[in-house]
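FYI, it's all coordinate maths here, none of it is from the lab. In this text the structure is predicted, and so the values were computed from the model without any measurement. No Cβ is skipped: glycine too gets one built from the backbone with ideal geometry, and neighbour counts run over all protein chains shown.
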Amino acid sequence: MKDRLIEFGYAAGWRVVRALPLPVARALFRTVADRAYRSNGPATQRLRRNLRQVAGADMPDTLVRDGLRSYARYWMEAFRLPSQTRRQFLDGFFMVPESYQQLKKAVADGRGVILALPHVANWDVAGAWVVSHDWPMITVAERLKPEGVFEAFLEYREKLGMKVLPLTGGERPPLDVLGEHLEKGWVVALLGDRDLSRSGVEVEFFGGRTRMPGGPAILAIRTGAPIFAVDLWFDEKRTMARMRPITPPVSGPLDERVKSTTQQLADAYAAGIADHPQDWHMLQKLWL
């Protein structure tokens, strides 16, 4: 019964929220975020600890409130995305010109491109923007529970134009499939600030130790495809983006090359998060 109620809640969100006028939806989700802030439940307390690691002990607590509002905005936009047009996908996202030219060139070169990013702003909007340029994109999704919610997210992202692989339980290892798509010139987009396997690469991040997935680094080293860390943040109306190029070592033992590349990604994520900490949606335990 609990699983069915969760599935019903997500289904209702996708159907009802998109039908609301935008100002009403914004006000509703901000109200929910502010209530979560005042209630100070476990997820809010975890976000506070994570943001304090980023911003320091003297962090204003309003940053936590703004972080919850940003997270609520992500969900509000996610529920409304399936009803939007290609033109709206293009207008609702902006990449700084230098990064846009880098991405455009990487796609044109035909070697594929790896975009690795933390859980910031709205990564689904970013994916919809990519495919609206007629650039084929593939990503990986965590297998959520209940299964009905996972299937709903697969369908949701595929409707936006992405191809989605399950992180676990697929017919083939995701890295093999992603590598094949890179060889065909696809864009591979991966969330990379939280390791879900407990066997990730240990890195330094905001003065602490954590583990991040080695997949983006392994793919770049295996295939030679260019790899970028992506910053995302919200302005008043759009999701904004900047890319930071990553340079994997070309020699040395594989494990050391993967560790070096993953540390570069961690440093690039940190630079972007430090600029816009309120848009980093990390409500789970991260540091070791």
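Can you tell me, using C-alpha contacts under 8 Å and at least 6 residues apart, the relative contact order of the chain as a whole percent?
Taking the mean separation of contacting Cα pairs over the length of the chain, I get 24 percent.
For L254 and D109 in one chain, what is 0.36 nm times their gap in residues minus the Cα-Cα distance, to one decimal in nm?
Extra length available between L254 and D109 comes to 49.6 nm.
Counting C-alpha atoms alone, how compact is the range 147-221: give Rg to one decimal and Dmax as a whole number, in angstrom.
Final numbers for Rg and Dmax: 14.2, 40 Å.
GNM, the chain, Cα, under 10 Å: largest mean-square fluctuation among D61, D34, D193?
With Cα springs under 10 Å in the chain, the top fluctuation among D61, D34, D193 is at D61.
Student exercise: in the chain, how many lysine pairs 8 or more apart or on different chains have Cα atoms under 23 Å apart?
Eligible lysine pairs with Cα atoms under 23 Å apart amount to 12.
Say the dipole of the chain comes from +1 at the beta carbon of Lys and Arg and -1 at that of Asp and Glu; which of M95, T85, G127 then lies farthest toward its positive end?
Ranked along the dipole, the leading option is T85.
Between F94 and R30, what is 0.36 nm times their sequence separation minus the Cα-Cα distance? Round to one decimal in nm.
Gain on stretching F94 to R30: 20.7 nm.
Given the options G41, L51, A141, identify the residue whose Cα lies farthest towards the positive end of the charge dipole of the chain (+1 on Cβ of Lys, Arg; -1 on Cβ of Asp, Glu).
G41
Give me the percent of DSSP beta bridges within the chain that run antiparallel, rounded to the nearest 5.
Antiparallel bridges: around 45 percent, rounded to the nearest 5.
Size of the dipole of the chain about the Cα centre, Lys and Arg at +1 and Asp and Glu at -1 on the beta carbon, nothing else charged, in debye to 20?
Magnitude of the dipole: close to 720 debye.
Which whole-number percent gives the relative contact order of the range 1-140, counting Cα pairs below 8 Å spaced six or more residues apart?
25 percent
Just name one of L115, V201, P226: the one whose Cα is farthest towards the positive end of the charge dipole of the range 85-279 (beta-carbon charges, Lys/Arg +1, Asp/Glu -1).
Projecting each Cα onto the dipole axis, the largest value belongs to P226.
Work out the FRET efficiency for R38 and E142 from their Cβ-Cβ distance, taking R0 = 25 Å, and round it to the nearest 0.05.
0.30
Could you state, as a whole-number percent, how many of the C-alpha pairs of the chain are farther apart than 37 Å?
I get 10 percent for the Cα pairs in the chain exceeding 37 Å.
Applying a 10 Å radius around every beta-carbon, put 275-286, 246-257 in order of their mean neighbour count, most first.
For the peptides 275-286, 246-257, the packing ranking is 275-286, 246-257.
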